[in-house]
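Worksheet for the structure shown next.
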Amino acid sequence: MDFVNTMLVTLPQPTGFWESILNAFKGINGTYILAVIFIAILVRVVFSFVDILNKKVSMKSNEINAKMKPELDAIKEKYQNDPTKMKQKTDEVYKKYQFNVMGSCLPMLVMLVLQTVVFLTLWNSLQTVSNYNIASQYNEMKNIYANVLVVNKEIDEDSITFEEGNTVEIKLGYKEQEGKNVRGVIYTVYTNKEEPNAGQEYFVPYKTDWTNREVFDLISQYVLEPEPEEPPADGELATAAEEDENAYVPQEYKPNGFSEQIKTQAEKLVKDYYLTTQEGFLWIKNIYKPDAPQSPLFTESEIGNYLSKYYSADEKADESKYKLEGKIFNSVTAGINAQELGSNGYYILTILAVAFSVLSLWLSNLMMRRKDQPKQKQSIAMYIIMPLIFGLFTFMYTSLFAIYLVVGQLATLATTPLTTWIVKMWTKNSDKKKKEKDVIEVDYRRK
């Protein structure tokens, strides 16, 4: 298989409903944070209207249940040994109070389905966006590293001989070529440390369509000293060559006198790029990773998992056979000390998500409960189930989704008093109109 003219990884930006909103916001302000906060508030406002209807039906259902309870308790007591008769009498009571079990549960089911759909689709979109941004950041770090290492080849081709005291300085920049500003690597070779102004400046256009083979060729030729290997058994090497004539063989290690300097500067430029492009929020250093006491730097396994989603079938076969991505990763990130970066978080978002979830459930039940209303067992279960789900998702996945959950719960706490007041006023007006209608009907019958 020929991979020479094929870029190993292309990173198309994620598309979709939520992704489009997120990318639009990032295009405006450069970060996803405001987009996530906006979406959390918008979703809460939209669900408030459904919540009002749900609470209205629930409040009405609870009132009817309170009225039916004495009669239903009497029926259970009287017909406890006759299930058929008990069901018949229970249905009569339901009919008497015009109570429909399905009708009372339908708004709650609709609310639950909508919330689940939004929850899962938004979680998936935010995780996809996070993985893409991590992979994209690393991909550019790999580009920087490879473009700097190419300086070795340029020096070799220009036959610049290294002598004791010679230095090379490298930076990324732009140079005007044919009326256009072209991005590239600017390197200056100084023939003597005592003469800093005597350096010759060179320019190499920036390349982005690297294959992993090309990158690893540069690393194996100018960075990695080969490890000693045991000599193959007789005929083993020849057999391998016969089986795969197109087997990939990295370049031999042949550094020039500038290679160590170039390697050091490549690592520094990669580190500078990482630190300047890392997106954080408050105490979180990397919003694309969980708010947890782990390094904000992505790991080799994460990069492998994220980039593999963008490989073609041939690219996957090439990576599976030679595993170049992991070898390249170690060289690209060699200048970044993960321990110096500190912890990405401290589970604060997880604690807040669980606490706000419990608080919002408690506040909603408190404001909706009537004195004559019996406590509902399912509400107690919700105090455990929903906070547990929120805790797990904030604990395991991207901080972006954790921020969404926390902001959403805060918005719920803020809107609960208003939605409850609207429901109570709505119910009060409905009851008032019903009483007025009953009075008119009674007066009519008397006439």
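The values are calculated or read from the model by the stated rules, or taken from the named source; none is laboratory data. Note that the structure is a prediction, hence the values are computed from the model and not measured. Cβ: placed from backbone, ideal geometry, glycine included. Neighbour counts: every protein chain shown.
Do any residues in the range 324-352 that are on the phi < 0 side of the Ramachandran plot have Cβ atoms under 6 Å from those of residues that are of a type in the set (Gly, Ala, Ser) and assigned to a helix (DSSP H, G or I), where the two are at least six apart or on different chains, and which pairs are they? Here the result reads 325/304; 349/402; 350/391, each pair linking the range 324-352 to a residue that is of a type in the set (Gly, Ala, Ser) and assigned to a helix (DSSP H, G or I).
Among the listed residues 359, 349, identify the single one that is at pLDDT 90 or above, in a helix (DSSP H, G or I) and either within 30 Å of residue 414 (Cβ to Cβ) or among the basic types (Lys, Arg) (or both). Outline the logic, then answer.
Numbers: 359 fails: at pLDDT 90 or above.
Sole residue among the options that is at pLDDT 90 or above, in a helix (DSSP H, G or I) and either within 30 Å of residue 414 (Cβ to Cβ) or among the basic types (Lys, Arg) (or both): 349.
For the range 382-411, which positions are without any contact (Cβ under 8 Å) to a residue 60 or more places away in the chain and surrounded by fewer than 24 Cβ atoms within 10 Å (Cβ to Cβ)? Selection gives 382, 383, 384, 385, 386, 387, 388, 389, 391, 392, 410.
Return the residues of the range 1-41 that are modelled with pLDDT under 80 and of a type outside the set (S, T, N, Q); say none if nothing qualifies.
1, 2, 3, 4, 7, 8, 9, 11, 12, 30
Considering the range 253-270, and only residues there that are buried (at least 20 other Cβ atoms within 10 Å of the Cβ) and among the small types (Gly, Ala, Ser), the residue that is nearest to residue 158 (Cα to Cα) turns out to be 259.
Do we have any residue at all in the range 119-132 that's loosely packed, with under 13 Cβ neighbours inside 10 Å, within 30 Å of residue 301 (Cα to Cα), at pLDDT 80 or above and out of contact with any Pro (no Cβ under 7 Å at 6 or more places or on another chain)?
Taking the range 119-132 and keeping what is loosely packed, with under 13 Cβ neighbours inside 10 Å, we get 120.
Adding the requirement that they be within 30 Å of residue 301 (Cα to Cα) leaves 120.
Retained after the next criterion (residues that are at pLDDT 80 or above): 120.
Then drop every residue that is not out of contact with any Pro (no Cβ under 7 Å at 6 or more places or on another chain), which leaves 120.
Yes, there is a match, as at least one residue in the range 119-132 is loosely packed, with under 13 Cβ neighbours inside 10 Å, within 30 Å of residue 301 (Cα to Cα), at pLDDT 80 or above and out of contact with any Pro (no Cβ under 7 Å at 6 or more places or on another chain).
Would a scan of the range 173-190 turn up a residue that is part of a helix (DSSP H, G or I), hydroxyl-bearing (Ser, Thr, Tyr), modelled with pLDDT of 85 or more and surrounded by 13 or more Cβ atoms within 10 Å (Cβ to Cβ)? No, that holds for no residue.
Could you count how many residues in the range 293-309 are out of contact with any helix residue (DSSP H, G or I) (no Cβ under 7 Å at 6 or more places or on another chain) and either part of a loop (DSSP other than H, G, I, E, B) or over 28 Å from residue 351 (Cα atoms) (or both)?
Count: 5.
The set of residues in the range 140-169 being within 18 Å of residue 271 (Cβ to Cβ) and surrounded by 19 or more Cβ atoms within 10 Å (Cβ to Cβ) consists of 141, 142, 143, 144, 145, 146, 147, 148, 149, 151.
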